[in-house]
Amino acid sequence: MTDIPMTAVTAPPPPSTGRSPVASALIHAALIAASIAMIYPLLWMVSASVRPEDEIFSSTSLLPSSIDLGSYVRGWFGLDISFGRFFWNSLVVSVLTVIGNVVACSLAAYAFARLRFKGRNFWFAIMLGTLMIPYHVTLIPQYVLFLNLGWVDTYLPLIVPKFLASDAFFIFLMVQFFRGIPRELDEAAMMDGCSPWRIYWKIMVPLSLPVLATAAIFSFIWTWDDFFGPLIYLNDMNNYTIQLGLRTFVDSSSTSDWGGLFAMSTLSLVPVFFFFLFFQRLLIEGIATTGMKR
Amino acid sequence: MFLLPWLIGFFGLTLGPALVSLYLSFTNFDLIQSPEWTGMANYVRIATADPKFAAAMSVTLTYVVLSVPFKLAFALLVAIALNRGINGLTLYRAIFYLPSLLGGSVAIAVLWRQLFAGDGLVNAALSQFGIEGPSWISHPNYSIYTLVALSVWQFGSPMIIFLAGLRQIPTDMYEAASLDGASKFRQFYKITLPLLTPVIFFNAVVQTIDAFKAFTPAFIISGGTGGPINSTLFYTLYLYQEAFGNFRMGYASALAWILVVIIAIFTAFSFLTSRYWVHYDD
């Protein structure tokens, strides 16, 4: 729809010619004020998580009078099952999802971008069409299907669809990228007698690491943050992911332990935050080129 | 061969379930007994005898109509401010984008619930100015606005798309306009806005579809009830309650199809009107 080349995001901004220092200062002042307003709630939460308990709601200031990590201890062991378990579960689901998405989507994308087969355009159109279908339509029959397979309360309903390339969005992203790789490369390899598998593995995969990484990072973050899927498919608390764990904590301690709740909330954001820190540039390019959401 | 996983997924997880769901929407399926054909009964009940459907629809439409324009306006405003070769662009961009990235998680919804509680941070801040705020999330007149505010706060990803779009506008157009004596405001109105319409359109469609699907914030903030008095009963939350709370799977399937039709109408409407206001250079 909107065709924004990868370079657009990192291209140098237009030169700021002929603007007075006053105007420039005003813009900075406005931006700084807006930035503070934007991240204030997040900083406040982090700060609330390290305050002594009686001080959490007494001030709007960001600096705690003293650091008290008691909230983290209480939060971690606040439920029958420790948050370590939830973290581990989230990690398992997220990592498997990343593998599934990257492998299955890149295979499908390779077929759409490079292989000639009957009805390729037809299937490609269908694939794009699935992007438009809201998940609500397939939700109930999928649930019934997984229930009949005996998969409810396991991670299979959350993971297996990913290995079947159910996130068409990533396929689309990869097709766009693969198309930018010079055809001469795989045509030459084909002449030399390389099989499509070999071309995929030796040429496409190494050359498309940026797009594969983008897909992997977004897969991880979305799965880590996913609440709806686990809510529907996981019942046993031993299987809970971090998001369900947090929700249980809210329900069981809504009036008592705010410090513990903020401490665990903060911890749940840490992996996402670090991904953001390290892959900022990649994430922003991914967003800008594709309109990726969240 | 390469397409095999996707094909299995498509037939097994998308096309098959979609057809089954359409069938179920004409039945009284409750997950335990096998579905029994009831014709249009579900749809008739939705249209005529379900006050919760009406409530959910009105909440969701309010949310879409309020959150999307504000979100896009903020995103565009900040993108324009950032697109002027200022120092510290990367830092600003990161700060503005961070809430979008964390957005869907339970932690953020929990935080929001606390911010807008009766004794929460927002009211503490207001009281500094001598204003006594209501208990936002537990008052049916205000609760929806806290959710709109949460959505608007996450304007980061449309902002980044706007930034990329702004970089596509050739600077010499502005230079020429300045020479002709066009004011900054006029330049924005005559150059930036028209050239940006494809990006605005794209953002509007994506954000609208997304707003229709919102779930987690409403679920966490209302404790899964959609209360007080259905004021945060998002459509998806109602669908969830019917399907997995009351096990009215047939009824929920009908609700799902109505949502699809509504989203499709919205999207089609945007595409139809777009030819009058979206300019593609050709």
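Roughly how far apart, in whole Å, are the Cα centres of segment B:128-181 and segment A:222-285? Computed from Cα coordinates, the inter-centre distance equals 26 Å. Between the alpha-carbon centres of segment A:32-81 and segment B:26-66 there is a gap of 42 Å. Scanning residues 5 or more positions from B:THR27 or on other chains, those with amide H under 5 Å from its amide H are B:THR38, with H placed 1.01 Å from N in the peptide plane. Per-residue mean of foreign Cβ neighbours for A:200-213 is 0 (Cβ atoms of other chains, 10 Å radius).
Per residue of chain B, the DSSP helices (runs of n ≥ 4 H) give a summed -39500 (n - 2.57) that works out to -20500 deg cm²/dmol at 222 nm. Residues in segment B:182-190 carry Karplus couplings, in order, of 6, 6, 4, 5, 5, 4, 4, 6, 9 Hz; the curve used is 6.51 cos²θ - 1.76 cosθ + 1.60 with θ = phi - 60°, and Gly or Pro positions show x.
Counting only lysines at least 8 places from B:LYS52 when in the same chain, those with an alpha carbon closer than 26 Å to its own are B:LYS213.
Taking every full run of DSSP H in chain B, the ones that stretch at least 18 Å from end to end by Cα along their long axis and average 1.0 or higher on the Kyte-Doolittle scale are B:51-82, B:89-102, B:193-212, B:249-277.
Find the relative contact order for chain A and round it to a whole percent, using C-alpha pairs within less than 8 Å whose residues are 6+ positions apart.
Numbers: 264 pairs, mean separation 93.0, N = 294.
Dividing the mean separation by the residue count of chain A yields 32 percent.
The calculated FRET efficiency for the pair B:ASN246 and A:ALA37, based on their C-beta separation and a Förster distance of 60 Å, comes to about 0.90.
Based on the mean of other beta carbon atoms within 10 Å per residue, what is the order of A:113-123, A:224-234, B:256-266, A:33-43, most packed first?
On the way: A:113-123: 12.6, A:224-234: 21.0, B:256-266: 17.5, A:33-43: 15.1.
Per-residue mean Cβ counts within 10 Å order the peptides as A:224-234, B:256-266, A:33-43, A:113-123.
Here B:THR197 and A:SER65 are evaluated by their C-beta separation; at R0 = 41 Å the FRET efficiency comes out at 0.20.
Considering only B:GLY165, B:GLY156, B:GLY223, the mean-square fluctuation computed in a Gaussian network model of chain B, springs between alpha carbons under 10 angstrom, is largest for B:GLY223. Against chain A, whose longest principal axis comes from its Cα atoms, helix A:136-148 is set at around 90 degrees. For chain A, the 222 nm mean residue ellipticity estimated from helices alone, with every DSSP H stretch of n ≥ 4 adding -39500 (n - 2.57) and the total spread over all residues, rounds to -21500 deg cm²/dmol.
Buried accessible surface for the B/A pair, both sides summed and rounded to the nearest 100, is 8200 Å² with a 1.4 Å probe.
Tell me the carbon and sulfur percent of the accessible area for chain A, rounded to whole percent, probe radius 1.4 Å. Please report the intermediate quantities before stating the final value.
Numbers: 8860 of 13300 Å².
That fraction is 67 percent.
If you count only protein heavy atoms with a 1.4 Å probe, what accessible area per residue comes out for the protein assembly as shown, rounded to a whole Å²?
Using a 1.4 Å probe on heavy atoms only, each residue of the protein assembly as shown averages 44 Å².
The mean number of partner chain beta-carbon atoms within 10 angstrom of a residue's beta-carbon across peptide B:21-34 is 2. A straight line joining the Cα centroids of segment B:84-126 and segment A:113-146 runs 35 Å. Remark: spin-label model distance A:VAL103-B:LEU19 equals 2.9 nm, labels positioned 7 Å along the Cα→Cβ axis. By the rule of a C-alpha distance below 16 Å, with chain neighbours fewer than 8 residues away ignored, the aspartates and glutamates paired with A:LYS202 are A:GLU184, A:ASP186, A:GLU187, A:ASP192.
Among A:LYS202, B:LYS213, the sequence by solvent-accessible area, most first, with a 1.4 Å probe is A:LYS202, B:LYS213.
Rolled with a 1.4 Å probe across the full set of protein chains, the surface gives A:LEU267 an accessible area near 50 Å². Between A:VAL46 and A:MET191, the FRET efficiency estimated from the beta carbon spacing at R0 = 56 angstrom works out to 0.45. Between B:MET40 and A:LEU115, the distance separating the two model label sites (each 7 Å from Cα on the Cα→Cβ line) works out to 4.6 nm. Compute a Gaussian network model of chain A, connecting alpha carbons closer than 10 Å, and tell me which residue from A:ARG51, A:ARG247, A:ARG198 fluctuates the most. For chain A, modelled as a Gaussian network with Cα springs under 10 Å, the answer is A:ARG198. Label-to-label distance, A:ALA29 versus B:HIS139, with points set 7 angstrom from Cα along the beta-carbon direction: 3.3 nm. A Gaussian network model of chain B, with springs between Cα atoms under 10 Å, assigns the largest mean-square fluctuation among B:VAL44, B:VAL205, B:VAL65 to B:VAL44. In chain A, the longest principal axis of the Cα atoms and the axis of helix A:21-49 are about 70 degrees apart. Taking a Cβ cut-off of under 12 Å around B:ILE46, the surrounding Lys, Arg, Asp and Glu residues balance to a net charge of +1, with basic ones at +1 and acidic ones at -1.
The values are calculated or read from the model by the stated rules, or taken from the named source; none is laboratory data. Remember, predicted model here, so these are calculated numbers, not experimental data. For neighbour counting, all protein chains shown are included, and Cβ atoms are generated from backbone atoms with ideal geometry for every residue, glycine included. In case anyone asks, the SASA skips ligands and DNA or RNA and just uses the protein heavy atoms, side chains included. Shrake-Rupley method; radii C 1.70, N 1.55, O 1.52, S 1.80 Å.
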